[in-house]
Amino acid sequence: MRVLLRPLTADDAEALVAYVAMATSAPAREQPPEEFAAQARRWLENWTGRELGIACEDEGQLVGAAWARVVDRVLARDPDTGAPLPELIIAVAEHQRGAGLGHRLIDALMQLARTQGIAGLVLTVSERNPVAVRLYEQAGFRHAGDTPHGLGTMIWSTPCDDPMP
Ligand SMILES: CC(C)(COP(=O)(O)OP(=O)(O)OC[C@H]1O[C@@H](n2cnc3c(N)ncnc32)[C@H](O)[C@@H]1OP(=O)(O)O)[C@@H](O)C(=O)NCCC(=O)NCCS
């Protein structure tokens, strides 16, 4: 397997629909079509290709993606400026899971956030998804409470640069 990482582009929008489905459907529960449609709008509406996003590609095929955007309802804000923090979504194609792509995607997305001067990222995760919880904890996300729908929220704050000596 020779998997490459690259930025997400405008051309990826269609392929990302399947990744929204993977990331937003709870295990062993059929996602009602109207719920999926709302999630697809939330994550892909007005997709420009200039989002903060990383694709994982294997021989030209998308096999994973992670991106972050400011979505309604805003879950967390930069404590200094009040600016909303982008929310993160991630999924890896089933046949490629467990090979480290989740780690690579999230690390690359956090690096991109750093270089773009974004104060941090927020996400929601179900406690019934321990693989994802562990991935986020290892990446440096910290538990920050619960949504009204019973999902956990986790936040990562971009580290400040070391002070000048
Ligand atoms: C969560 C997800 C993105 C992780 O991607 P991945 O490529 O499998 O992750 P990695 O291979 O980098 O593994 C991350 C960690 O999970 C562990 N892991 C991966 N698959 C596992 C499995 N089936 N069972 C137990 N642990 C597993 C890995 O061992 C690794 O832990 P480690 O760093 O301690 O070794 C992927 O499972 C996925 O797409 N799930 C469905 C969508 C989803 O749930 N998205 C998140 C919504 S909040």
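The values are calculated or read from the model by the stated rules, or taken from the named source; none is laboratory data. What you are looking at is a predicted structure, and each value in this text was computed from that prediction instead of being measured. A quick note on method: Cβ atoms are made from the backbone with ideal geometry, for glycine too, and the neighbour counts reach across all protein chains shown.
Taking the stated definitions as given, is GLY98 modelled with pLDDT of 95 or more, within 16 Å of the ligand (Cβ to nearest atom), assigned to a loop (DSSP other than H, G, I, E, B) and not hydroxyl-bearing (Ser, Thr, Tyr)?
Numbers: modelled with pLDDT of 95 or more: yes; within 16 Å of the ligand (Cβ to nearest atom): yes; assigned to a loop (DSSP other than H, G, I, E, B): yes; not hydroxyl-bearing (Ser, Thr, Tyr): yes.
The answer is yes for GLY98.
Taking the conditions exactly as written (in contact with a helix residue (DSSP H, G or I) (Cβ under 8 Å, 6 or more places away or on another chain) and exposed (fewer than 11 other Cβ atoms within 10 Å of the Cβ)), does THR48 satisfy them or not? It would help to see each step written out before you state the result.
Details: in contact with a helix residue (DSSP H, G or I) (Cβ under 8 Å, 6 or more places away or on another chain): yes; exposed (fewer than 11 other Cβ atoms within 10 Å of the Cβ): yes.
When the stated conditions are applied, THR48 passes them.
Among the residues of region 88-115, how many are in contact with a strand residue (DSSP E or B) (Cβ under 7 Å, 6 or more places away or on another chain) and among the hydroxyl-bearing types (Ser, Thr, Tyr)? Within region 88-115, residues that are in contact with a strand residue (DSSP E or B) (Cβ under 7 Å, 6 or more places away or on another chain) and among the hydroxyl-bearing types (Ser, Thr, Tyr) number 0.
Considering only region 124-145, how many residues are touching a Ser or Thr at 6+ places or on another chain (Cβ under 9 Å), near the ligand (Cβ under 10 Å from one of its atoms) and free of Cβ contacts under 8 Å to residues at least 40 places away in the same chain? Count: 2. Within region 97-114, the only residue that satisfies the criterion of being within 23 Å of VAL74 (Cβ to Cβ) and either without any contact (Cβ under 8 Å) to a residue 40 or more places away in the chain or surrounded by fewer than 16 Cβ atoms within 10 Å (Cβ to Cβ) (or both) is ARG114.
ALA55: over 16 Å from LEU121 (Cα atoms), within 13 Å of the ligand (Cβ to nearest atom) and of a type outside the set (Phe, Trp, Tyr), yes or no? No: the conditions fail for ALA55.
Looking at region 14-28, which of its residues are surrounded by fewer than 18 Cβ atoms within 10 Å (Cβ to Cβ) and either in contact (Cβ under 8 Å) with a residue 24 or more places away in the chain or among the aliphatic types (A, V, I, L, M) (or both)?
Applying the first criterion (surrounded by fewer than 18 Cβ atoms within 10 Å (Cβ to Cβ)) to region 14-28 yields 14-15, 17-18, 21-22, 25-28.
Those that are surrounded by fewer than 18 Cβ atoms within 10 Å (Cβ to Cβ) and either in contact (Cβ under 8 Å) with a residue 24 or more places away in the chain or among the aliphatic types (A, V, I, L, M) (or both): ALA15, VAL17, ALA18, ALA21, MET22, ALA26, PRO27, ALA28.
When region 62-95 is filtered for residues that are more than 8 Å from the ligand (Cβ to nearest atom), under 19 Å from TRP43 (Cα atoms) and of a type in the set (Val, Ile, Thr), the ones remaining, listed by number, are VAL63, VAL70, VAL71, VAL74.
So, ALA66, is that one within 12 Å of the chain's Cα centre (by Cα) and more than 18 Å from TYR19 (Cβ to Cβ) or not? No, not satisfied. Of the residues in region 1-20, at least one is at pLDDT below 95, over 24 Å from GLU137 (Cβ atoms), assigned to a loop (DSSP other than H, G, I, E, B) and among the aliphatic types (A, V, I, L, M).
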